[in-house]
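As C-alpha cells, the structure follows; a few thoughts come after it.
Just so it is clear, none of the values below were taken in a lab; they were calculated from the coordinates. Worth saying up front: this structure is predicted, and the values here are computed from it rather than measured. With ideal geometry, Cβ positions are generated from the backbone for all residues, glycine too; neighbour counts draw on all protein chains shown.
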Amino acid sequence: MTLSKSGISGNWATLLLPIKSEVIDFESLEQQIDCYIAAGVDGIYSNGTAGEFYTQSEEEFQQISKLLAQKCHQAGMAFQIGASHCHPQAALERVKFAATLNPTAIQVILPDWFPCSLAVAKVFMHKVEQVAQGVDLVLYNPPHAKVNLTANELDELYEAIPKLVGFKLPRITPEITITGLAEKASIFVAGHFLATDAYKGAKGAYSNVCCLNPKATQAWTQDCLALVPSALELESRIQRFMNEEIAPYITDKGYCNAAVDKFMAALGGWSRIESTMRFPFASIPMNDIECKIKIKNELLPEFKI
C-alpha cells in the first residue's frame, strides 16, 4: 500500500468570476480573494466549474492565476490553480504556466471530447506530471465528465502517477472504500456531504457550501474533519436548504451548477459577487435573493452575515 503522498485537506473556497458586460471585474475579484483570506479558509482554488474556466481566454486565465498567486503568497494562504481545459494540449500549457506560480497544487480534468479510457488517462496524467515541475496534482472527475473513472481505475491511476495526490469527486462510494483509496489519497467531496463522508475518509471539500459563508463553512469543516457529532446535524440542515431552495434551479429550471454556486454566493452577501454568468449560460435573477436570504437565515443561523 502506498502511503499518503500529501497533506492537502480542508475547506477550499472557489474563486468566482465577477462579470460585467461579459468582462471580468478584476477589482471585485481581488476583493473576493481578500474576503476569503480574512475568513481564514484552508485554501483558495481558481478556475473550477464555478470559476467558469471553460469561458476564459488564455490571457484571462493567466491574469486570474497571477492575481490569486500574488495575494495568497503575500498572505501565506494555500492556493490551487485549476488548469483544466477540454483541449488536452491547451490544458498542458495551462499546467506549465500554473507551475511557475508555485501553487499548493494544480487541478486538472481528463480530456473531454472522446470518452477517456484508463490507458489514455495514464498517458495524459503522466504528461501533466512532466510539465508540472514537481507541483502536486489533483484530478477533478465530476459527474458530468465524459467518463467517470471507476473506483479501481481511480486507485490504479493514483498508484501510477507519483505527483497525483488527490481527487475531487461527488462522494466516497462503497466501491472507493473497498479499494482503500481514501486512506491514501486526499479525496474531496461535495461540500454538503462532508460531515458524512469524513467518516469514510474524506479530507475536505472544494466547497459549494463555502459560497454561502466562507467563515461559517470553515468552522463547520473543522468540526466535520474532527468528527464532531454536531456537524452531522448542521449537515442535515444544509442539505435541506440545498434540496428545497437551491437544487430546483437545476432540476426544474435548467440552470447550470455554476449559476447556482454564484447565486449562493450572491445571497450569502459576504462579497460583491453577483449571480451574473458568462455567455451562453443563464443567470439566476438577483431578485430571487431576498426570499432565499430569509429562509437561509432561519434554517442556517450559523451562516447569517
- Message: I want to make sure I understand the PRE zone here: with the label point 7 angstrom from the Cα of Glu183 toward its beta carbon, which residues in segment 142-176 have backbone N atoms less than 14 Å away?
- Response: 176
- Task: Under 9 Å from the Cβ of Met277, count the other residues' Cβ atoms, weight Lys and Arg +1, Asp and Glu -1, and hand me the total.
- Result: +1
- Task: Quick one, can you get me the convex hull of the C-alpha atoms of segment 176-305 expressed as volume per residue in Å³?
- Result: 120 Å³
- Within the chain, what percent of beta bridges assigned by DSSP are antiparallel, to the nearest 5? 10 percent
- Provide the percentage of antiparallel DSSP beta bridges, counting only those with both residues in segment 1-139; round to the nearest 5. 15 percent
- With a ≥ b ≥ c the root eigenvalues of the C-alpha gyration tensor of segment 82-148, is it rounded (a/c under 1.5), prolate (a/b larger than b/c) or oblate? prolate
- Query: Dimensions of the chain along principal axes (Cα, Å, largest first)?
  - Reply: 49, 44, 40
- Task: Using R₀ = 22 Å, calculate the FRET efficiency as 1/(1 + (r/R₀)^6) where r is the Cβ-Cβ separation of Val120 and Glu58; round to 0.05.
- Result: 0.35
- Shape call, segment 88-216: gyration tensor on alpha carbons, a/c limit 1.5: oblate
- Message: Can you compute the helix-only [θ] at 222 nm over the chain? Use -39500 (n - 2.57) per DSSP H run of at least 4 residues, normalise by all residues, nearest 500 deg cm²/dmol.
- Response: -13000 deg cm²/dmol
